[in-house]
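J.: There's a structure below that I have some questions on.
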């Protein structure tokens, strides 16, 4: 969004004149009032607990509390980085999240564009409601259904495949196939819910623009490319940047629900390790250290993506 | 001349045919994909009204066998379910209202480029999206604020979501023309007035969307209530109550050497019916929200 | 313009970093305050109020009641039973009346989420609001609680003074098993272990169909499976082993070395490098490759999955803890009306040339410790409470309810519950177990025959008492072959360190070795053993060997 060059705007946005804080408070007091409660919430409910992150630098004993536990500096981090599964977990986490980004990110956009082209209101309503149903299923349930559908000996899908004369496919029980199924099921689960945000953005598009394009002789495809997509571009970029920060993260439940003891190459991820060490073993220091590592990388990625977006002329995240 | 006309007609017909082909393709794709999305629910519903023996053996797919409604009866007979439904509704409503007030105010305020400290505040909010302290620090905070076993611990902590904030801020930035706001400023309007009279009326789709996100997020989640609501059993939200219902039925205390007295519970069927029971209400809300996704709200808003 | 923006960006980042750092270190002051008041110093016992052991070792007598009201917080599992409030019900009120009022003690029950109890406890310990008794059914987790500083050291003489009856029954157990790193740390509930509640079902109708006898050794079991495979029936069922490692017991061999047993038997860490494990893997591999074993056994991560296969008729065996209200048999019959089941002897898992060793339960049930911030008087109150609860009439009341109302005594003196009782004094769905689990594991009538008769009612589904009878008879036959897991009197650091990762490795390795081709097994075993040792197991073995050499374990 370009800053307006009207004289009024120039008066509103003075160039680098030094003013006291009081001047700003007086001028924009309404804006500051609007920000009081949100910032209070953020500081109290998010930043206050951050003192708990100090656990990552201490030999934390629960009964001794943060202050009572001994400071060990970066020892915990060293221990975590040296663990056998750490390297594999980092690789797997990145791999799974990048695949999700490549295949899972565009799907809601494509679906939203298709839905936008549907004229029948009832069809649109019903389809939308059906599409986002998977979002409401917990991963444990989805895992159970996935195994009853895709398992080698009892799965429904494999029964059909065998009926057609082919040998059964180990959808979840061989490494390569597991990766495929993991991404596919993930896309399936989130694509419907993801369309909501894009549809909201699409309805914000001025219908006069479509009129103008139609007058210019643009067919549906051209309208989509030249009117719809540019108008939801900033939404796409915002969500893309936010997802960049999640590259080192991911869902524990999703991997846990779909993993098994046979296809193990890709199933150790950072959230899995955080769970294994934190909740499984009570090693809070290690789990917190790993979480911190995750967060720092995520933040760096987000800031980098934000800067790139701004260089390309987009609004950016902050 | 006749040739030109038929050529034109041909192009027009082929264009129309192409359009119809594309339409058919869209419809087919959507139908297929929607089917894959709804089939698991049909499967779960079939399990919820079937005979336990068949459900245990994993023999139920889409068609129920041995239809009975004992699991649903069990759910409805439990008086505390009604109470927990009420708790969930109150909590979800308050959560959404508070969340929306916070999100709209901050999203608008932080789009104003003249606001000093804007970048810092945006950064701080965004920071919280990637850094979490963990279950113990969060619990300690709730304990220190004396919010355990109260309504507030389910409503306040998560009500301001950085994710929702960023989406709304971006939406305000891109869909509300700066010139509109500038002209309002020139006319002497304060920011409160601009927010309520201009920004909110023009942002119905995104407000509907984010409200939905807040409501659904709060309705589905129970892992915080699991640890925060201990002594006041009557304060358990619906999802937590159902979690306990299923857990109690599947609990293998047999391993502890004491068997359970009481009638046979049907864990698998009960699990399935709990899912249906908990999901149906929130799923039905979206069609009502859809009416806010109406195009053309911007016509005539900006004049010269 | 650009420079201004970059400056702003940097400034923003700088402020944020400073704020974050400030948040981390600055608020330390506040947390320190909270922490000290909460933890009260884990190592140092709370200040000696009147009532602690005085210099000459004598204790204050509170049998007439405490001079001022003492509040103790007692944990109770919350299993989500409908209509049951675990912290406020007929029995908590009764306990308060009979014990609390008598001695001027206020008992507050604290609900512990059974499914997520460790997280629950950890949170409360961190906040200083944990109950005065910290408990867990597994010793390893109790050791972890102690390692986090949650428990205080115990004085056995004090227990004997305030809880003579309790100490008489459990004193030896406490002396023997309750020590850790030289300090008395744990106290226990008694356990009169029964094994016949774990049964191994087999499809009798399938046996009849192939005309074979019930197998009694591993070789016979495999022969039966081969016959079933021929006839197109199901396979042998099994489940994924990822905790409580006792799979290797049947393969220990006829004359186990005591040192080896102490070194390798471990509930926490699978002994991958032991010969017993190798024999186990070879047997499983053979069964898998010959199609005798359920090819997807590793997907059975919980009881429900194996049960589903058994009920559906895909596998012909199912091992589980039987209970009177189990629906396994009725579901099986609903799916396959001609199905019949019987019980296999535990010897069936062991090869013919081996002994049917089995894991023998330690003589304790619940493992407990006293909260490190509990005061002397609170501790005394706890001992008195345990002593009160272990009195036969109190315990019987808690376990069975009001005589004539909840139950009637039959001619053998065994309580027969009134069916579908729904009155005011209704017990919880698991017979109030969560209240009396502090002192006992099962109902005890004093002699084994009566215990068995009492248990039969709660274990056997109607019409299937024979199953439990058979299990009982089989278990009697192999009674002598129980091996108790060695208990080390010092905590093993390496185990705590590597347990979780070794568990993950074990699952991956053993499933791969069972499902690979037979000729690949040898090489894989050597490679996996090396990896297992390199990643923590060698350290565990070394630490254990040092303790064994020093005699720091209980045989």
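Laboratory data are not the source of any read-out in this text; all were calculated from the coordinates shown. The structure presented is a predicted model; accordingly, all values stated were derived computationally and were not measured. All Cβ positions, glycine included, derive from the backbone under ideal geometry; neighbour counts span all protein chains shown.
J.: As a footprinting exposure proxy, order A:284, A:45 by other Cβ within 10 Å, with the fewest listed first. All intermediate terms of the calculation are to be shown ahead of the outcome.
T.: Details: A:284 26, A:45 19.
Listing A:284, A:45 from fewest to most nearby Cβ atoms yields A:45, A:284.
J.: Across every pair of different alpha-carbon atoms, what Kirkwood hydrodynamic radius in Å does segment B:107-148 reach? Spell out each step's value before the answer.
T.: Numbers: mean 1/r = 0.0802 Å⁻¹.
Answer for segment B:107-148: a Kirkwood hydrodynamic radius of 12.5 Å.
J.: Would you mind classifying segment A:74-311 by shape? Square roots of the alpha carbon gyration tensor eigenvalues, ordered a ≥ b ≥ c; an a/c under 1.5 is rounded, otherwise it is prolate if a/b is larger than b/c and oblate if not. Could the numbers behind the result be given before it?
T.: Details: a/c = 2.65, a/b = 1.36, b/c = 1.95.
It comes out oblate by the Cα gyration axes.
J.: Against the longest principal axis of chain B, how steep is helix B:204-220, in degrees 0 to 90 to the nearest 10, with axes from Cα atoms?
T.: With both axes taken from Cα atoms, the answer is about 10 degrees.
J.: What nm distance separates the two modelled labels at residue B:152 and residue C:246, each placed 7 Å from Cα along Cα→Cβ?
T.: 4.9
J.: Let me ask another. Return the ratio Rg/(2.2 N^0.38 Å) for segment A:34-76, where Rg is computed over Cα atoms only.
T.: Values: Rg = 14.1 Å, N = 43, 2.2 N^0.38 = 9.2 Å.
Against the empirical 2.2 N^0.38 Å value, I get 1.53 for segment A:34-76.
J.: Report the extension gain between residue C:257 and residue C:153 in nm, rounded to one decimal, defined as 0.36 nm multiplied by the number of residues separating them, less their alpha carbon distance. Before the final figure, lay out each step's value.
T.: Numbers: separation 104, 0.36 × 104 = 37.44 nm, distance 3.48 nm.
Here the answer is 34.0 nm.
J.: Now for a different question. Between 0 and 90 degrees, rounded to the nearest ten: what's the tilt of helix B:267-283 against the longest Cα principal axis of chain B?
T.: With both axes taken from Cα atoms, the answer is about 30 degrees.
J.: With a Förster radius of 60 Å, plug the Cβ-Cβ distance of residue C:275 and residue B:70 into 1/(1 + (r/R0)^6) and report the FRET value to the nearest 0.05. Walk me through the numbers before you get to the answer.
T.: Working: r = 52 Å, r/R0 = 0.87.
Given R0 = 60 Å and the Cβ-Cβ separation, E is 0.70.
J.: For segment B:27-55 and segment A:51-86, what is the separation of their C-alpha centers, rounded to whole Å?
T.: What the calculation gives is 47 Å, centre to centre.
J.: Continuing with the same structure: What is the gain in length, in nm to one decimal, between residue C:68 and residue C:230 on full extension, counting 0.36 nm per residue of separation less the C-alpha to C-alpha distance? The partial results should precede the final answer.
T.: Working: separation 162, 0.36 × 162 = 58.32 nm, distance 7.64 nm.
Between residue C:68 and residue C:230, full extension yields an extra 50.7 nm.
J.: Another question, then. Between residue C:209 and residue C:160, what is the label-point separation in nm under the 7 Å Cα-to-beta-carbon projection?
T.: Calculated label separation equals 6.3 nm.
J.: Between residue C:360 and residue C:523, how many nm apart are label points set 7 Å from Cα along the C-beta direction?
T.: 4.4
J.: Now for a different question. Relative contact order for chain A using alpha-carbon pairs under 8 Å, separation at least 6, rounded to a whole percent?
T.: Numbers: 301 pairs, mean separation 74.9, N = 318.
Relative CO of chain A lands at 24 percent.
J.: Still on this structure: Restricting to chain C, compute how many DSSP beta bridges are antiparallel as a %, nearest 5.
T.: On the way: 23 of 39 bridges.
Close to 60 percent.
J.: Restricting to bridges with both residues inside the protein assembly as shown, how much of the DSSP beta-bridge set is antiparallel, in percent to the nearest 5? Could the numbers behind the result be given before it?
T.: Details: 25 of 41 bridges.
About 60 percent, rounded to the nearest 5.
J.: On a 0 to 90° scale, report how tilted helix B:2-48 is relative to the longest principal axis of chain B, with both axes built from alpha carbons and the result rounded to the nearest 10.
T.: That helix lies at roughly 20 degrees to the long axis.
J.: Suppose R0 equals 22 Å; then what is the FRET efficiency for residue B:32 and residue A:121 from their Cβ-Cβ distance, rounded to the nearest 0.05? Walk me through the intermediate numbers first.
T.: On the way: r = 21 Å, r/R0 = 0.94.
Calculated value: 0.60.
J.: At what distance in angstrom do the alpha carbon centres of segment A:187-221 and segment C:444-474 lie from each other?
T.: First find each Cα centre; the distance between them is then 70 Å.
J.: How much FRET efficiency would the formula 1/(1 + (r/R0)^6) give for residue C:533 and residue B:17, where r is the Cβ-Cβ distance and R0 is 60 Å, rounded to 0.05? Mind dumping the intermediate values first?
T.: Details: r = 71 Å, r/R0 = 1.18.
Once rounded, the FRET efficiency stands at 0.25.
J.: How high is the relative contact order of chain C, in percent, counting Cα pairs under 8 Å that sit 6 or more residues apart?
T.: On the way: 792 pairs, mean separation 119.0, N = 555.
Contact order relative to length: 21 percent.
J.: Right, another one. Determine how many Å³ per residue the convex hull of the Cα atoms of the protein assembly as shown encloses.
T.: Values: hull volume 241.1 nm³, N = 1177.
Cα convex hull per residue, to the nearest whole number: 205 Å³.
J.: Given only helices, namely DSSP H runs of n ≥ 4 each adding -39500 (n - 2.57), what is the per-residue ellipticity at 222 nm of the protein assembly as shown, to the nearest 500 deg cm²/dmol? The partial results should precede the final answer.
T.: Details: 52 runs with 641 residues, N = 1177.
Result for the protein assembly as shown: -17000 deg cm²/dmol, rounded to the nearest 500.
J.: Sticking with this one: With a cut-off of 18 Å, note down the residues of segment A:208-241 whose backbone N falls inside the zone around a label point 7 Å from the Cα of residue B:10 toward its beta carbon.
T.: none
J.: Moving on. Classify chain B as rounded, prolate or oblate from the Cα gyration tensor: take a ≥ b ≥ c as the square roots of its eigenvalues, call it rounded if a/c is under 1.5, otherwise prolate when a/b beats b/c and oblate if not. Write out the running numbers ahead of the final one.
T.: Working: a/c = 3.01, a/b = 1.26, b/c = 2.39.
Oblate.
J.: Quick check on chain C: take the gyration tensor over C-alpha atoms, sort the square-rooted eigenvalues as a ≥ b ≥ c, and tell me if it's rounded (a/c under 1.5), prolate or oblate.
T.: On the way: a/c = 1.74, a/b = 1.22, b/c = 1.43.
Note, shape of chain C comes out oblate.
J.: Now for a separate question. So for chain B, averaging the separation of alpha carbon pairs under 8 Å that are six or more residues apart and normalising by length, what relative contact order in percent results? Write out the running numbers ahead of the final one.
T.: On the way: 235 pairs, mean separation 80.2, N = 304.
So the answer I get is 26 percent.
J.: Taking the number of other C-beta atoms within 10 Å as the exposure measure, put B:28, C:515 in order starting with the fewest. Write out the running numbers ahead of the final one.
T.: Details: B:28 10, C:515 19.
Going from sparsest to densest Cβ surroundings: B:28, C:515.
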